[in-house]
Amino acid sequence: MRPPKLTLVGAGPGDPGLITLKGIEALRTADVVLYDALANPALLDHAPQHARKIFVGKRKDLHSATQEEINTLITSLAFKYGHVVRLKGGDPFLMGRGGEEIEVARAMGIETEYIPGVSSALAVPGLAGIPVTHRDVSKSVWILSGTSSSGGVTEDLKLAARSSATVVILMGVSTLQEIVSIYTSEGKAGLPVAIIQNGSTESQRSVSGRMSNIIDLSAKAQIAAPAVIVIGDVVRFLDPSTKEATHSENKNQLR
Ligand SMILES: C[S@@+](CC[C@H](N)C(=O)[O-])C[C@H]1O[C@@H](n2cnc3c(N)ncnc32)[C@H](O)[C@@H]1O
C-alpha cells in the first residue's frame, strides 16, 4: 500500500475539459476519489478502475455527508488505501472548505497537495461573455457568498454594494431578494445584474436585467442553483447567444 496522501483537485466549473493537466495526473494515481455534486462525474473516467469513487455531495431529499463525515472519510481512507483525491467543483479553496480538509489531513500526519481549479466565480461570467474586469468599465472584482453560516446574507455584501467594483456572488439564488434590497437601499436599483445557471455546461442559461426587475425576470426564467450572480456595468457584455441552453441532451449537466 502507498503512503497516505490527500490531493485536493479543482474540477473546474462543470465542463470536463476545464480541469488542469495536473488534476488529471492526480486522478490517474488515485486509490480513492471523493467527489462533490459540482464536479462533473465524467472526470471519474480519469481515475483507475480499481479506485473507489465515492459521492459525498448534496443530493435533493437524500442524506448528504456532513463536513465532519467527509473529514473522517478522507483520513480513514488515506490510511486504508493510500492516495485520496478530493475532487471539488471550481477551485477547492474558494468557498469549498478545502482549507479545512487540508488542515485535518495535515493534523493526522498525512501528506497533502493542492491543485487549483478554474473557479466558477471568474469562468462562469466569462463563458457568458462577461469579463469581470474591463479597463474602461470596472477595475476590480469582489467575490462573495450569498449566504452566511447563519442563513442570511453576509455583512460584507453591504460593503460590496457601496463599492464601484464588479460583484460576483456565489450561492446567492436563495437570497436574491435580500441582495436586491441591499442594493436598492444604496440607491442602485438601476444597476445591471446577470444570473448564470449551470455555467460551462450544455445546460447553461442566464437572465439579465437591473436590480429593479431581476427578481421577476429570474422567477419567470426559473433560474435555480447552481448559479452565479454578476452585478455591475460589465453585465452589458453578456453574450445573448449564451442565454438559453441549446442542447436538450445535457451530458455535462451538473447534479
Ligand atoms: C460551494 S460554492 C463552490 C464554488 C467553487 N469552489 C468554485 O470555485 O467555483 C458553490 C457555488 O458556486 C457556484 N457555481 C459553481 N459551479 C457553477 C456553475 N457551473 N454555474 C453556475 N454557478 C456555479 C454557485 O453559486 C454554487 O452555488
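The values are calculated or read from the model by the stated rules, or taken from the named source; none is laboratory data. These numbers were taken from a predicted model, which means no experiment stands behind them. Here the Cβ positions follow ideal geometry from the backbone for every residue, glycine too, while neighbour counts run over all protein chains shown.
Before we move on, is V207 surrounded by 15 or more Cβ atoms within 10 Å (Cβ to Cβ) and either more than 23 Å from the chain's Cα centre (by Cα) or within 21 Å of D156 (Cα to Cα) (or both)? No.
Taking the numbered list (1) modelled with pLDDT of 95 or more; (2) under 30 Å from V180 (Cβ atoms); (3) part of a loop (DSSP other than H, G, I, E, B) in turn, A123 passes all entries but (3). Has the stretch 191-209 got any residue that is among the polar types (S, T, N, Q), touching a Leu at 6+ places or on another chain (Cβ under 6 Å), in a strand (DSSP E or B) and at pLDDT 95 or above? Looking for residues that are among the polar types (S, T, N, Q), touching a Leu at 6+ places or on another chain (Cβ under 6 Å), in a strand (DSSP E or B) and at pLDDT 95 or above, one finds at least one in the stretch 191-209, hence yes.
Within the stretch 133-146, track down each residue that is within 13 Å of the ligand (Cβ to nearest atom) and within 8 Å of T166 (Cβ to Cβ). Steps first, please.
First pass over the stretch 133-146, keeping only residues within 13 Å of the ligand (Cβ to nearest atom): 143-146.
Passing the criteria: none in range.
Only one of the numbered conditions (1) within 14 Å of the ligand (Cβ to nearest atom); (2) free of Cβ contacts under 8 Å to residues at least 40 places away in the same chain; (3) surrounded by 15 or more Cβ atoms within 10 Å (Cβ to Cβ) is not met by S149, and that is (3).
Scanning the stretch 114-136 for residues that are loosely packed, with under 15 Cβ neighbours inside 10 Å and either among the hydroxyl-bearing types (S, T, Y) or touching a residue at least 60 places away in the same chain (Cβ under 8 Å) (or both) returns a single hit, T133.
Within the stretch 1-39, being more than 14 Å from P92 (Cα to Cα), outside any helix (DSSP H, G or I) and within 16 Å of the ligand (Cβ to nearest atom) holds for one residue alone: D15.
Conditions (1) at negative phi; (2) small (G, A, S); (3) in contact with a strand residue (DSSP E or B) (Cβ under 9 Å, 6 or more places away or on another chain), marked per residue:
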position	(1), (2), (3)
T154	yes, no, yes
S164	yes, yes, yes
V168	yes, no, yes
M171	no, no, yes
S174	yes, yes, no
E178	yes, no, no
G190	yes, yes, yes
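Of everything in the stretch 210-228 that is of a type in the set (A, V, I, L, M, F, W, C) and without any contact (Cβ under 8 Å) to a residue 12 or more places away in the chain, the residue that is surrounded by the most Cβ atoms within 10 Å (Cβ to Cβ) is L217. Scanning the stretch 21-32 for residues being within 20 Å of S119 (Cα to Cα) and touching a residue at least 24 places away in the same chain (Cβ under 8 Å) gives a total of 4.
Check L170, L191 and return the single one that is over 23 Å from G117 (Cβ atoms) and either aliphatic (A, V, I, L, M) or more than 17 Å from the chain's Cα centre (by Cα) (or both). Outline the logic, then answer.
Numbers: L170 fails: over 23 Å from G117 (Cβ atoms).
Matching residue, one of L170, L191: L191.
Considered as a group, the residues in the stretch 87-114 that are outside any helix (DSSP H, G or I) and either more than 13 Å from the ligand (Cβ to nearest atom) or of a type in the set (D, E) (or both) include one that is nearest to L191 (Cα to Cα), and that residue is D91.
Residue by residue, here is whether (1) at pLDDT 95 or above; (2) part of a helix (DSSP H, G or I) holds:
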{"residue": "I215", "(1), (2)": "yes, yes"}
{"residue": "A225", "(1), (2)": "yes, no"}
{"residue": "I229", "(1), (2)": "yes, no"}
{"residue": "V234", "(1), (2)": "yes, yes"}
{"residue": "S248", "(1), (2)": "no, no"}
{"residue": "N252", "(1), (2)": "no, no"}
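Of the numbered criteria (1) within 16 Å of E111 (Cβ to Cβ); (2) part of a strand (DSSP E or B), the one I54 fails is (1). The set of residues from the stretch 166-196 being crowded, with 17+ Cβ neighbours inside 10 Å and small (G, A, S) comprises G172, A194.
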